[in-house]
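Below: one structure, written as structure tokens.
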């Protein structure tokens, strides 16, 4: 059950992370933040990232084998990276229209799936 909670928390944290890192670009595209100084954009992103950390830290504590979870540090990191790229791709496809998805992106995902496989290989 800890593994499931870890993955769910990482999924939701990565939604916040993606908007913290790239949401300001959408705001600029929508002409909402075009006049904002860079420091305000940074503070805005930090405000969103706060919620990412509120989910990521518990996810890693729950999932880490040193705390009774099922994953070692390398596995946690590989899981997080795959979730991060997956969430990023979904958000880009639905929020940032006009960003193309090509065969090489699919190939890179296949490599990430292989990374997860190898990270969990005994």
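Taken together, the criteria place residue 79 among residues that are touching a residue at least 40 places away in the same chain (Cβ under 8 Å), within 17 Å of residue 9 (Cα to Cα) and out of contact with any helix residue (DSSP H, G or I) (no Cβ under 6 Å at 6 or more places or on another chain). Here residue 51 meets the list (1) in contact with a helix residue (DSSP H, G or I) (Cβ under 8 Å, 6 or more places away or on another chain); (2) farther than 15 Å from residue 10 by Cα almost entirely, failing just condition (2). Cβ separations smaller than 6 Å between residues 6+ apart or across chains give the following pairs from the stretch 49-70 residues that are more than 26 Å from residue 24 (Cα to Cα) to residues that are exposed (fewer than 13 other Cβ atoms within 10 Å of the Cβ): 61/67.
No lab work stands behind these numbers, since they all come straight from the coordinates. These numbers come from a predicted model, not from an experiment. All Cβ positions, glycine included, derive from the backbone under ideal geometry; neighbour counts span all protein chains shown.
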